[in-house]
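Undergrad: The structure under discussion is supplied below as structure tokens; questions concerning it will follow.
The values are calculated or read from the model by the stated rules, or taken from the named source; none is laboratory data. None of the values given here were measured: they were computed from a predicted structure. A quick note on method: Cβ atoms are made from the backbone with ideal geometry, for glycine too, and the neighbour counts reach across all protein chains shown.
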Amino acid sequence: MLKIANYVRAKSLEEAYTLAQKRTNVILGGMLWLKMQNRSVQTAIDLCDLGLDKIEEQDDCFSIGAMVSLRALEMHPGLNALTQGAMAEAVKHIVGVQFRNLATLGGSLYGRFGFSDVLTLFQVLDAEVELYHHGIMKINDFAQLPRTTRDLLVRVIVPKRSMRVCYLSQRNTATDFPVVACAVSETDGKYLCAVGARPGAAVVFTDEQGLLCGGITQESAEAFGKEIANRASFGSNTRASAAYRKQVCAVLVRRCLMQIKEG
Amino acid sequence: MEIKVTLNGKKMVASVEPDTLLIDFVRHHGCLSVKRGCETANCGLCTVLMDGVPVLSCSVLAARANGHSIQTLEGLQEEANEFIGFIADQGAEQCGFCNPGYVMNTIALLRENPDPTDDEIKAYLAGNLCRCSGYEGQLRGIRNYLNWKKEAHNG
């Protein structure tokens, strides 16, 4: 059971950051996973009054506030146009509409959860995150930060550029966590492939062997899928074995590539 | 701590603990249609509308509702009455425990998308679990309601 002694709506990022330095305090995102924990919180810090719930389209990027809901990502025309619908595909299987109206981008990313559909997709969008103290950094660098880092995720920056994106996941049942999640993007002939729910946090791969340098064909997609499945490390849990995940990964990567090819 | 909320159209000031959940707050104030189901944010039984948006009241602090409007089925009887008979005609309620959450989310769906396809209905209501019916009855009920509305409008 979650116990909270004090609740504070931060009036500034500085106030939130300062409060967050104390180990017994916690920043509230959507509060969905936090609520499942059996812990006592001294002060719950709510960012809901800081205007971080907006998606702003700028000339060269989308700036997405940390308190933007997953439902807002799912429904945003600009982000879905940029990603050819991959944004909606990555979040629409997460529990239900009511859940996604609460779950926030910041909460989903900051936890760097192994099961995260969101982290998997954003890693192939060449996105950057802005942390209040650490500043702006590539999302892949952010994913490597020690979990003990006590900072404040302010916003996520997704560059607007011509790219082709596909996101696919395999689930044992609708609305469950993914067994494997996979995102692939192509920008100017450069491919990025993220594999999540391994069940560890998503990791990113490039086409090191140049398997796709001749373009996407059934054969090259299959070869790339197998190569990614070999390079990624998988584990077993109640949802699937490592061996099963490896098999599914190869298929999802191939399917992502073929969808990118077919547009 | 003190919060100000509008509950089913009625402005109120109330004292809550920092960790009081919205489900406990609304039930304490007589809104017993809001059911406690899984408490793991999965079943949709505790759905309420917060500023018109469906959320899981088991996962929202009452303190976060400060300054917002909350609606439960008690405050939406008229809107629900229009289609709930179509659900009942299909025998889709059975034990009925999931029904208030189901109705609340259906109201949200039809406000957002007045003419949904079957796939859109299924997708929107995916977060509402029913352990009796298998969902087909609810889907038929909503479809019959939408067909009835179209016929009434056209004819």
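Undergrad: Collect the residues in segment A:230-263 that are over 30 Å from A:A81 (Cβ atoms), in a helix (DSSP H, G or I) and either under 20 Å from the mean Cα position of the chain (by Cα) or in contact (Cβ under 8 Å) with a residue 60 or more places away in the chain (or both), keeping them in residue-number order.
TA: A:Y244, A:R245, listed by residue number.
Undergrad: Please give the helices (runs of 4 or more DSSP H) falling wholly within segment B:36-153 in which 2 or more residues are within 11 Å of chain A (Cβ to nearest Cβ) and over 14 Å from the mean Cα position of the chain (by Cα).
TA: Working: elements: B:77-89, B:99-112, B:118-124.
In segment B:36-153, B:118-124 are the helices (runs of 4 or more DSSP H) which contain 2 or more residues that are within 11 Å of chain A (Cβ to nearest Cβ) and over 14 Å from the mean Cα position of the chain (by Cα).
Undergrad: Is segment A:254-262 home to any residue that is among the acidic types (D, E) and either at pLDDT below 95 or closer than 21 Å to A:R112 by Cα (or both)?
TA: Let us first name the residues in segment A:254-262 that are among the acidic types (D, E), namely A:262.
Those still in the list that are either at pLDDT below 95 or closer than 21 Å to A:R112 by Cα (or both) too: A:262.
Yes, segment A:254-262 contains at least one residue that is among the acidic types (D, E) and either at pLDDT below 95 or closer than 21 Å to A:R112 by Cα (or both).
Undergrad: For segment A:1-27, name all the residues that are among the basic types (K, R) and more than 19 Å from B:L61 (Cα to Cα).
TA: Those that are among the basic types (K, R) and more than 19 Å from B:L61 (Cα to Cα): A:K22, A:R23.
Undergrad: Taking segment A:80-124 on its own, how many of its residues are among the hydroxyl-bearing types (S, T, Y) and within 14 Å of chain B (Cβ to nearest Cβ)?
TA: Here the count works out to 2.
Undergrad: May I pose another question? Go through the residues of segment A:205-218 one by one and say whether even a single one is assigned to a helix (DSSP H, G or I) and either more than 18 Å from the chain's Cα centre (by Cα) or at pLDDT 95 or above (or both).
TA: yes
Undergrad: Would you pick out the residues in segment A:1-52 that are touching an Asp or Glu at 6+ places or on another chain (Cβ under 6 Å) and closer than 18 Å to A:G65 by Cα?
TA: A:R9, A:L28
Undergrad: Please go through segment B:29-59 and give me each residue that is aliphatic (A, V, I, L, M) and touching a strand residue (DSSP E or B) at 6+ places or on another chain (Cβ under 7 Å), ordered by number.
TA: Selection gives B:V34, B:A41, B:V48, B:L49, B:M50, B:V55, B:L56.
Undergrad: If I go through segment A:170-182 residue by residue, how many of them are away from every other protein chain (no Cβ under 14 Å) and either surrounded by 24 or more Cβ atoms within 10 Å (Cβ to Cβ) or not polar (S, T, N, Q) (or both)?
TA: Residues flagged as away from every other protein chain (no Cβ under 14 Å) and either surrounded by 24 or more Cβ atoms within 10 Å (Cβ to Cβ) or not polar (S, T, N, Q) (or both) within segment A:170-182 amount to 5.
Undergrad: May I pose another question? Give just the number: which of (1) without any contact (Cβ under 8 Å) to a residue 12 or more places away in the chain; (2) assigned to a strand (DSSP E or B); (3) among the charged types (D, E, K, R) does B:R27 not satisfy?
TA: (2)
Undergrad: Hey, another quick one. Looking only at segment A:143-165, how many residues end up being out of contact with any Asp or Glu (no Cβ under 7 Å at 6 or more places or on another chain) and assigned to a loop (DSSP other than H, G, I, E, B)?
TA: 10
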